[in-house]
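K.L.:
Here's a structure for you.
FYI, it's all coordinate maths here, none of it is from the lab. Worth saying up front: this structure is predicted, and the values here are computed from it rather than measured. Virtual Cβ from ideal backbone geometry, glycine too; neighbours counted across all protein chains shown.
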Amino acid sequence: MQNLSYEAIFEFVQSDVIQPFYIKRLEKLNRLTFDELLKRKNPYLFKAKNIQTAEEFTRYILDAFLSSQEETIFGDLMEKLAIHICEAIFGGYKAEQGKFKSIDLIFDRDGKTYLVGIKSGPHWGNKDQQDAMKRNFKAAKELLRAEGNTQEIIAVNGCCYGKDSQPDKGEYLKLCGQAFWSLISGDDDLYMKIIEPLDEEAKQKDDMFKDAYTKKINMFTAEFLNGYSVNGEIDWAKFLQFVSRRPVPKLASEPKTTRRTAKAKRI
């Protein structure tokens, strides 16, 4: 077990978490078109929420889209951080994709081998997905045994934030928040420490994103008014047709051989 260097972790957070997060976030925003955004959203929900202005509508759907994207992007980067920390402290390594399903990190600690599937938070997946994770944990244990691992093997569903008052799930442990970061680092305070560089670096990166966000709101609001409003009111019928109307079947083009045959007959 190596000593934990907060300075090295802070540098990694700045270079490999915050910077790529804002870069990817900005790329997603800049590439997004209004039609693409509109097709993703439920028009019945907006009507039920009594949304009446174009600006309110645009901001609502853009914020919902960005929130979903950000959860995925940041979750992947926090997984990368967890693996980096565990590699430095316990010699952990990223599980080989395809060989180990549902598992992101493998490491040895205190004479035990840990198989860790990393999630952003504790509330993820349905029963089928959780059952699949349990099957994959079992298969991974069998694979390590076949490769000669004789240590106790413990499967862990690790969550970057949250808590679980009953972590022992029988076939695996569910360790969230402080318990998860402590397991992979040996430091009970790590979960508090990693927020410090997040805060400092984010303040420097956020201004550029806010400028792009404001421009996108203005652009999309103008597009919505031009395409989906009548006399200053939202044209719900046109919006609903754009999102949900049955596609018009394309007519099959006449085969070229048929056209050539017809031309030959005329000659």
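K.L.:
Which of the aspartates and glutamates could be linked to Lys210 by a straight reach, that is with a Cα gap under 19 Å, when you skip same-chain ones fewer than 8 residues away?
P.N.:
Within the straight-line cut-off, Lys210 pairs with Glu27, Glu55, Glu56, Asp63, Glu70, Glu71, Asp199, Glu200, Glu201.
K.L.:
Helix hunt in the chain: which complete DSSP H runs extend at least 24 Å axially by C-alpha with mean Kyte-Doolittle at least -0.5?
P.N.:
Membrane-span-like by this criterion, though nothing is claimed about a membrane: 54-90.
K.L.:
For a footprinting-style exposure proxy, rank Ile234, Ile23 by other Cβ within 10 Å, fewest first. Could the numbers behind the result be given before it?
P.N.:
Details: Ile234 21, Ile23 13.
Going from sparsest to densest Cβ surroundings: Ile23, Ile234.
K.L.:
Antiparallel as a % of all DSSP beta bridges within the chain, to the nearest 5?
P.N.:
Here the share of antiparallel DSSP bridges comes out near 45 percent.
K.L.:
Continuing with the same structure: Where nothing but the Cβ of Lys and Arg (+1) and of Asp and Glu (-1) is charged, how large is the charge dipole of region 1-120 around its Cα centre, in debye to the nearest 20? Write out the running numbers ahead of the final one.
P.N.:
Numbers: 17 positive and 18 negative charges, 122 e Å.
Value, rounded to 20: 580 debye.
K.L.:
Okay, moving on. For Met192, Met133, what ranking results if the residue with the fewest other Cβ atoms within 10 Å of its Cβ goes first?
P.N.:
Least crowded to most crowded, the residues run Met192, Met133.
K.L.:
Have a look at region 6-230 and give its Rg and Dmax from the Cα atoms, expressed in angstrom.
P.N.:
Gyration radius and largest Cα-Cα distance of region 6-230: 21.2, 72 Å.
K.L.:
What is the Cα centroid distance between region 148-221 and region 1-74, reported in whole angstrom?
P.N.:
Their Cα centres are 16 Å away from one another.
K.L.:
Cross-link list Lys28/Lys127; Lys49/Lys163; Lys127/Lys174; Lys112/Lys134: which exceed 23 angstrom alpha carbon to alpha carbon?
P.N.:
Lys28/Lys127; Lys49/Lys163
K.L.:
Under a straight-distance cross-link criterion of Cα-Cα below 18 Å, which lysines are reachable from Lys203, leaving out those fewer than 8 residues away in the same chain?
P.N.:
Lys24, Lys193
K.L.:
Using 0.36 nm per residue, how much length does the chain from Ala64 to Gln151 gain when fully extended, once their Cα-Cα distance is taken away?
P.N.:
Separation in residues times 0.36 nm, less the Cα-Cα distance, equals 26.7 nm.
K.L.:
Moving on. If amide hydrogens are placed 1.01 Å from N in the peptide plane, which non-local residues have theirs closer than 5 Å to the one on Leu173?
P.N.:
Distant-sequence amide H within range of Leu173: Ala155, Val156, Asn157.
K.L.:
Would you calculate a helix-derived [θ] at 222 nm for the chain, using -39,500 (n - 2.57) for each DSSP H run of n ≥ 4 and dividing by the full residue count, to the nearest 500?
P.N.:
Using -39500 (n - 2.57) per qualifying helix, the result is -19000 deg cm²/dmol.
K.L.:
If I take every Cα pair under 8 Å that is 6 or more residues apart in the chain, average their sequence separation and divide by the length, what percent do I get for the relative contact order? All intermediate terms of the calculation are to be shown ahead of the outcome.
P.N.:
Working: 283 pairs, mean separation 58.2, N = 267.
Contact order relative to length: 22 percent.
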